[in-house]
Each structure stands twice: as structure tokens, then as C-alpha cells.
Amino acid sequence: FAQGASAQAALPNGQVIDEVGCVAAPGQSYALYLPANYSPDRAWPVIYLFDAGGRGRNAVERYRAVAEDYGYIIAGSNNSRNGRPNAEAITAMPADVATRFHVDPKRVYTGGMSGGARVAMGTALEGHVAGVLAASAGYPDADPRKSLPFPVFATTGTEDFNQLELRKLD
């Protein structure tokens, strides 16, 4: 993930923004939440989220309260969808966030649900992340690894058809 910081470009703190267009990748966008006390004076942790339906706001809303309480920037892709992970979205969103905001490169996380969890895990396997939040799915190829360079918090319901997959991941 690219790192850097520039002016926030007048995006409001403390509310979910449905669509932030990626400057360097026209056609790519993401939903965004900045904590109410966000300031570029310090580096902030970030969670890049992937929703199976490409609904960035849906993903961001699920984490908004905890992002506010613990001081995280949250960004959810509007372009990466279940079954069609969008390579440009996977690189454009983090690059844009890191350009606009002061992101702590040691506290970058990915997350998602179902197909979005697969994208989050695949992205983490290819890059440098501090951890993954995976709900209802795991590896992009469903092949468990013996070890990972990052922690994973995975969750599933008792009736979830991916439950056995996540048991294997455990």
C-alpha cells in the first residue's frame, strides 16, 4: 500500500461519506469514515473493507461505531464485488486513502464478509497488513496455510454454509 499524506481535501469528519472518487483511478470509488477527531497531525490506523456486493457504505457502516471509539479511518470499496475482485479497486482505494490522509503504515488492516473476506485475505497475502477481519469466508482459494505473517479474526454463524471452511482456517 502506498503511503503519504496530503491535505484532507475538505472531507467531513464524523460521518459516512458514500462516495469518494480515487484521484489517480477515475471510475474507482469508496465509502469513507473519518473519526470525528481526525487530524493530519498524527498517523492513524486504517481498515480497508470489501463488501461482496460492492456496497462500500454497507461495509463502512458495520465498523463506524468502533472506528469512532478507537480512532480508525475506515474505507469500503464501491467497485470490488463477489466473484469479480477488481484488481484496480484493490490497489486504488488504499493508494488514494494514503495520499489524502496520514495513515500509519504499521496499522493497516483489511476486512470483509463472504466474498469480501476472500478479497481482504487475498489482499493481505499479497501485501503488508497488520491483520485481517474475515466474516463468513477465508482464503481466496480455500487452501489453509500453515502460518501467516499477520493475525486473522474470523467469524461465522452456526448456519453459515462457509462454517466448515472457517473451521479449517482455524
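The values are calculated or read from the model by the stated rules, or taken from the named source; none is laboratory data. Model, not experiment: these values are computed from the prediction. Counting neighbours? That spans all protein chains shown, and the Cβs are built from the backbone with ideal geometry, glycine included. The area values use the complete protein model at the heavy-atom level, side chains included, leaving out ligands, DNA and RNA. Shrake-Rupley method; radii C 1.70, N 1.55, O 1.52, S 1.80 Å.
Give a residue-ordered list of calculated ³J(HN,Hα) values for the stretch 86-102 (Karplus: 6.51 cos²θ - 1.76 cosθ + 1.60, θ = phi - 60°; whole Hz; x for Gly, Pro).
Working through the residues one at a time gives 9, 4, 5, 5, 5, 9, 5, 4, x, 5, 5, 4, 5, 7, 7, 10, 8 Hz.
How do 35-48, 100-113 rank on mean C-beta neighbours within 10 Å, highest first?
100-113, 35-48
Quick one: compute the contact order of the chain, relative version, from alpha carbon pairs under 8 angstrom and 6+ residues apart, as a percent.
22
Give the accessible surface of the stretch 24-127 per residue, rounded to a whole number of Å², with probe radius 1.4 Å and ligands, DNA and RNA excluded.
Working: 4220 Å² over 104 residues.
Counting only protein heavy atoms, the per-residue value for the stretch 24-127 is 41 Å².
If one computes the Cα centroid of the stretch 22-56 and of the stretch 130-153, what distance in Å separates the two points?
Centre-to-centre distance over Cα atoms comes out at 22 Å.
Express as a percent, rounded to the nearest 5, the fraction of DSSP beta bridges in the chain (both residues included) that run antiparallel.
30
Using alpha carbon coordinates only, what is the Rg to Rh ratio of the chain, with Rh defined as the Kirkwood radius?
Rg/Rh: 0.96.
Run the numbers for Ile17 and Ala43: contour at 0.36 nm per residue of separation, minus the present Cα-Cα distance, in nm.
7.3 nm
Per the 1.4 Å probe, what fraction of the accessible area of the chain, in percent, lies on carbon and sulfur atoms?
Carbon plus sulfur share of accessible area: 51 percent.
Within the stretch 83-113, which residues have the backbone N less than 18 Å from the label spot 7 Å out from Leu148 along Cα→beta-carbon, could you tell me?
So the set is 106-113.
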